[in-house]
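J.: Sharing a structure, written as structure tokens. Questions coming.
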Amino acid sequence: MLNVVRRRATKWVAGAILFIVLLAIVITGFGTDGMGGLGSLGGGQQRAEILATVGGRSVTEQQLRDLVTRQFNQARQQNPALDMNAFLASGAFDQILNSLIVGEAVVEFGGEQGLVATQRMVDREIVNVPQFRNFAGQFDENAFRAALRNQNITEAQLREDIARSLLQRQLLGPIAIGQRVPEALAQSFANLLLERRRGAIGVVPSQALAGAINPSDAEIANFYQQNRARFAIPERRVVRFAVIGPEQVAAASQPSEQEIQAYYRQNAAQYGPRETRTLQRLVLQDRAAADAAAQQLRAGTSFDQVASSAGFSARDLTLADQTQDAFAQQAGAEGARAAFAAAAQRGTVIGPIASEGTFQVIRIEAIQSTPARPLETVRAEITAAVRQRKGTDALAALVARVEDRVANNENVDEIARAEQLNLITTPPITSTGQSFGQPFVLPPELQPLLTQAFEIEAEDPEPVVETIQANQRYALIGIGAVTSAATPPLAQIRQAVRATLVLQTASDRARAMAQAIADRINGGMPAAQAFAAAGIALPPVQQINLQRLEISRGGQQVPPPLMALFSLPQGRARILAAPNGQGWFVVHHAERTAGDASGQPQLIQTTRTQFNNSAAEEMAQQFARALEMRAGVTRNDAAIAAARRRLTGGTE
């Protein structure tokens, strides 16, 4: 229970909706693993097999594959060693499929109730996505298009996902609001947080038993036959790519002396003599008042006094470092011409000048003159600017030539040779970049290339040009040999099969030993004596004496053995698997001391707030499940099983 509260203490409404394919699932992929990898796993053609029908709507295999890919790529950011089989075995397949089904049920019900997501609503969501903004924080069309290209997703697909999310938000948001938990219940739970438990946690490591295990050839062969899918290798492809970037056009980007001089002449306004003025501008509605103000200024009254008597602050009316063009945006062309006339010097008062029903009086406060900058003083700056411009043009031309060659059915070797590109050939790798039997690591910035490489038709492998970074870096991608998903012969992976068998056998024996220890404790034997009776040297038993509240501090995930300690009855013991088959924990709860939160009102209030958030989330989830039942869901079990096999590299 403590873990539940701690997990749900933030963003409760978002949490309630997250489990049904929110917009966040679509666009948080941007910026992860090469911006998330919106695309199908394993390449090949798009699959439209229907996995489930929800009322009048369908969930297809392609929807599932896209979402599995995005979630898998995000998970690999936290655990680079994660493979697809392990990811799906953790329950991700069923969770993602269920989220799609529930999401369609919510959307269908929302449509029946007249809820809509207008184009303006969708536009507002798009412009607020951080990855679509420039450095100034404004929506950038180029960044938006580049992100879509990198993700291999169309604008229509993105808009459809956003519209679906908005409908879900409109429907479930109000459902989740307003849930309240009584204070007495909150205090009872706060008492639990202060509960103290004393006990012990020991472990029986599998490794301690593995040394005595020596399986025979027959046992290894039998284990291999019974677990072929466990050793299956997904489809692998030899990927051939050439990066196209500034390095490939460096020679063509160098500016000549003529180009530098031409740039200097063309930007005379930037490098030539420059004059700016600090101007004070007073705008009045009445001609007589404007005449009086101008007369006062010409008589020597300060601008501060004149502005103040008109109800303004001189600071607000002073425009510093103005060019004529810039000032024309404020005062109009006539006012700017008068303020920058040769005869107008410091202290000159101009006007009143009529402008769109108002009258403006302008005073020249200061004149700043900047002499021309000689070419030699700005040569480095101009050289860099010309180099960047030529580099951008040359890169665009190179990419265009490569795309034309692809369109003319040239292969990657012909294109790389003609354009002098460095063609790199990988060993056979999976869609996640894993290589079996050969050391290979694809740089993280090139990881998105695999999505395109695995979408190339194996029967007709036409090269493609992929954007790595918009206007900066591209890649020509082709494929070589394609190895279908299969389990290698035992001879090739015998050592891996043997190691897995030894580890599993050791884990089974460790489990039996741990269970015997727990049984002895539950039979009344003291914990220390029960561990000692195991018959082998075990790591020291860790003594625990903690409150529930203490194990949740710091925001870290609570270790499963500690969670088990706080769920056991007093005096009892149980076993718990250690991660990755490393062994088995034995958890013993020796003594419980009840908590009392009556003297901690702040804890009670915090607990109540967290409970309110949790109740709201659960209400929204229950409502969504009810909509699923109402819509009527028909699952195509055969298609679902086939989709699962294809995702894990199994045979059809």
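The values are calculated or read from the model by the stated rules, or taken from the named source; none is laboratory data. All values reported here derive from a predicted model rather than from experimental measurement. With ideal geometry, Cβ positions are generated from the backbone for all residues, glycine too; neighbour counts draw on all protein chains shown. Note: areas computed on protein heavy atoms with side chains; ligands, DNA, RNA excluded. Shrake-Rupley method; radii C 1.70, N 1.55, O 1.52, S 1.80 Å.
J.: How much of Asp94 can a 1.4 Å solvent probe reach, expressed as accessible area in Å² and rounded to 10?
T.: Accessible area of Asp94: about 70 Å².
J.: Which loop-located chymotrypsin sites (Phe, Trp or Tyr not before Pro) does region 65-158 contain, where loop means any DSSP state but H, G, I, E or B and the Cβ has at most 15 other Cβ atoms within 10 Å? Before the final figure, lay out each step's value.
T.: On the way: sites: Phe72, Phe87, Phe93, Phe109, Phe132, Phe135, Phe139, Phe144; in loops: Phe135.
Answer by residue number: Phe135.
J.: A further question follows. For region 241-308, what is the accessible area per residue in Å² when the probe is 1.4 Å?
T.: 54 Å²
J.: Now for a different question. Quick query: amide H of Ile233 versus all other amide H atoms, modeled in the peptide plane; which residues come in under 5 Å with a sequence gap of 5 or more or a different chain?
T.: Under 5 Å from the amide H of Ile233 lie the amide H atoms of Ala486, Thr487, each far enough along the sequence or on another chain.
J.: Now for a separate question. On a full-extension model of 0.36 nm per residue, what is the gain between Glu334 and Glu381, subtracting their alpha-carbon distance, rounded to one decimal in nm?
T.: Working it through step by step, the gained length comes to 13.4 nm.
J.: Just to be sure I understand the model, the point goes 7 Å from the Cα along the line to the Cβ. What's the resulting Leu423 to Gln542 distance in nm?
T.: 5.5 nm
J.: On to the next question. Of the GluC sites (Glu not before Pro) in region 317-382, which ones lie in a loop per DSSP and count no more than 11 other C-beta atoms within 10 Å?
T.: Numbers: sites: Glu334, Glu356, Glu365, Glu376, Glu381; in loops: Glu356.
In loop regions of region 317-382 (DSSP not H, G, I, E or B), the sparsely surrounded GluC sites (Glu not before Pro) are Glu356.
J.: If amide H atoms are built 1.01 Å from N in the plane of the peptide, which residues on other chains or at least 5 residues away come under 5 Å of the amide H of Ile429?
T.: Result for Ile429 returns Arg237, Val238, Val239.
J.: Can you work out the Karplus-derived ³J(HN,Hα) for every residue in region 437-442? Use 6.51 cos²θ - 1.76 cosθ + 1.60 with θ = phi - 60°, whole Hz, and x for glycine or proline.
T.: Result, ordered by residue: x, 9, x, 7, 9, 7 Hz.
J.: Figure the gain on full extension for Ile213 and Ala366 (residue separation times 0.36 nm, minus the Cα-Cα span) and round it to one decimal in nm.
T.: 45.9 nm
J.: Could you work out how much longer the chain between Glu356 and Asp286 gets when fully extended? Use 0.36 nm per residue separation minus the Cα distance between them, nm to one decimal.
T.: Numbers: separation 70, 0.36 × 70 = 25.20 nm, distance 1.21 nm.
Here the segment from Glu356 to Asp286 would lengthen by 24.0 nm.
J.: May I ask you to give the percent of accessible area on region 325-383 that is carbon plus sulfur, with a probe radius of 1.4 Å?
T.: Numbers: 1630 of 3170 Å².
Result for region 325-383: 51 percent of the exposed heavy-atom area is carbon or sulfur.
J.: In a solvent-free Debye calculation with one equal scatterer on each Cα, what is log10 I(q)/I(0) for region 461-604 at q = 0.10, 0.13 Å⁻¹, listed in the order of the q values?
T.: -0.63, -0.77
J.: So, one more: Lys and Arg at +1, Asp and Glu at -1: add these up for the other residues within a Cβ distance under 9 Å of Ile456 and post the number.
T.: Numbers: positive: Arg237; negative: Glu455, Glu457, Asp460, Glu462.
Taking every other residue near Ile456 into account, the sum is -3.
J.: Leaving out ligands and nucleic acids, note down the accessible area per residue over region 388-528 with a 1.4 angstrom probe, in whole Å².
T.: 52 Å²
J.: Would you grab the residues whose amide H sits under 5 Å from the one on Thr278? Only those 5+ places off in sequence or on another chain, please, with H modelled 1.01 Å from N.
T.: Here Asp321, Gln322, Glu365, Ala366, Ile367, Gln368 satisfy the definition.
J.: What list of ³J(HN,Hα) values in whole Hz, one per residue of region 104-120 in order, does the Karplus curve 6.51 cos²θ - 1.76 cosθ + 1.60 (θ = phi - 60°) give from phi, with Gly and Pro shown as x?
T.: 5, 5, 5, 5, 5, 5, x, x, 5, 8, x, 6, 9, 10, 6, 4, 5
J.: Ignoring ligands, DNA and RNA, what percent of the 1.4 Å accessible area of region 449-515 is carbon and sulfur?
T.: 47 percent
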